[in-house]
Amino acid sequence: MLEVKSVDLHYGAAIALRGVSLVAKPGEVTCLLGRNGVGKTSLLRAVTGAHPVSGGSIVWEGADITRLPTYERARRGIAWVPQGRDIFPLLTVRENLETGFAVLPRRERRLPDDVFELFPVLKSMLRRRGGDLSGGQQQQLAIARALVMRPRLLVLDEPTEGIQPSIIKDIGRVITLLRERGGMAILLVEQYFDFARQLAQEIAVMDRGSIVLQGRREELDEQDVRRRVSV
Ligand SMILES: Nc1ncnc2c1ncn2[C@@H]1O[C@H](COP(=O)(O)OP(=O)(O)OP(=O)(O)O)[C@@H](O)[C@H]1O
Ligand SMILES: [Mg+2]
């Protein structure tokens with residue numbers, strides 16, 4: 001399980017996270033909600049190691065990973081689907097997927113079949129350039145690329161942002177399937193409560209760098225959550 005303990009994060013003198021604590025357990029979707037600019041991506045940077053924390057600690061599978069570099073966290077099974085997808089536009093779909101091999105031992109470097117069961121559209125597009133895919137297809141590719149690493153923690157930053165409703169549904173189905181298989185903790189950042197509510201077991205709401213509301217989905221007051229996330 002992932003334990004974020006009282007984490008502070010700064011950009012220069014500006015504080016982006018203040019004493020944030022959060023837990024993500026295997027077999028569950030933990031959703032972090034919040035409006036624009038409240039610090040959601042910053043928390044994911046702290047978890048993945050993309051930005052150093054200035055206080056607190058991050059524990060993964062019982063080990064303190066607070067000071068480990070990004071690649072070492074990736075090797076330990078933490079995969080990140082970044083906001084805006086960050087597909088390599090000039091690489092083919094296959095090559096984009098194969099970038100996930102970097103953290104795997106050589107004998108495990110093959111594309112798992114289930115990636116194409118989860119995202120059938122990618123199978124017919126293996127030779128296309130990433131940049132030629134639609135936004136929704138790129139999002140699916142970004143998730144598939146993360147799954148190639150066979151992660152035990154999957155971190156997704158606003159996977160529904162700018163995506164058409166039919167593909168949002170597909171992505172929701174995939175997230176639920178991955179959760180039901182067990183063994184994987186999923187940390188999902190969202191701005192849309194309706195998407196989060198369908199998928200999450202645990203919900204945390206962030207405002208100006210702090211968690212302001214947290215609990216099991218069925219225990220949270222829906223109106224209260226909506227008031228804090230709606231724009
Ligand atoms: N690299 C950076 N340098 C300086 N300030 C930053 C940097 N990245 C983010 N910030 C600031 O930190 C705060 C939190 O940003 P963050 O990207 O974590 O928010 P967010 O909740 O992910 O927003 P969004 O919903 O728009 O993605 C914002 O005020 C933002 O302007
Ligand atoms: Mg963000």
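The values are calculated or read from the model by the stated rules, or taken from the named source; none is laboratory data. All values reported here derive from a predicted model rather than from experimental measurement. Heads up, the Cβs are rebuilt from the backbone with ideal geometry, glycines too, and the neighbour counts pull from every protein chain shown.
Which one of L122, L33, L43 is touching a Phe, Trp or Tyr at 6+ places or on another chain (Cβ under 7 Å) and within 16 Å of ligand 2 (Cβ to nearest atom)?
L33
Within the bounds of the range 102-116, is there any residue that is within 16 Å of ligand 1 (Cβ to nearest atom), surrounded by fewer than 18 Cβ atoms within 10 Å (Cβ to Cβ) and more than 30 Å from S230 (Cβ to Cβ)? Please lay out each step first, then the result.
So the first thing to find is which residues in the range 102-116 are within 16 Å of ligand 1 (Cβ to nearest atom), and the list is none.
Scanning the range 102-116 turns up no residue that is within 16 Å of ligand 1 (Cβ to nearest atom), surrounded by fewer than 18 Cβ atoms within 10 Å (Cβ to Cβ) and more than 30 Å from S230 (Cβ to Cβ).
Applying the selection to the range 31-67, what residues are at negative phi, surrounded by fewer than 22 Cβ atoms within 10 Å (Cβ to Cβ), in contact (Cβ under 8 Å) with a residue 60 or more places away in the chain and not in a helix (DSSP H, G or I)?
R35, N36
Identify all residues within the range 46-61 that are within 16 Å of ligand 2 (Cβ to nearest atom) and more than 14 Å from the chain's Cα centre (by Cα); write none if there are none.
H51
E3 is checked against (1) crowded, with 21+ Cβ neighbours inside 10 Å; (2) under 17 Å from the mean Cα position of the chain (by Cα) and fails just one. What number does that condition carry?
(1)
Restricting attention to the range 196-216, does a residue exist that is buried (at least 21 other Cβ atoms within 10 Å of the Cβ), without any contact (Cβ under 8 Å) to a residue 40 or more places away in the chain and either more than 15 Å from V229 (Cα to Cα) or hydrophobic (A, V, I, L, M, F, W, C) (or both)?
Checked the range 196-216: no residue is buried (at least 21 other Cβ atoms within 10 Å of the Cβ), without any contact (Cβ under 8 Å) to a residue 40 or more places away in the chain and either more than 15 Å from V229 (Cα to Cα) or hydrophobic (A, V, I, L, M, F, W, C) (or both).
Given (1) over 25 Å from Q140 (Cβ atoms); (2) at pLDDT 95 or above, identify the lone condition not met by R227.
(2)
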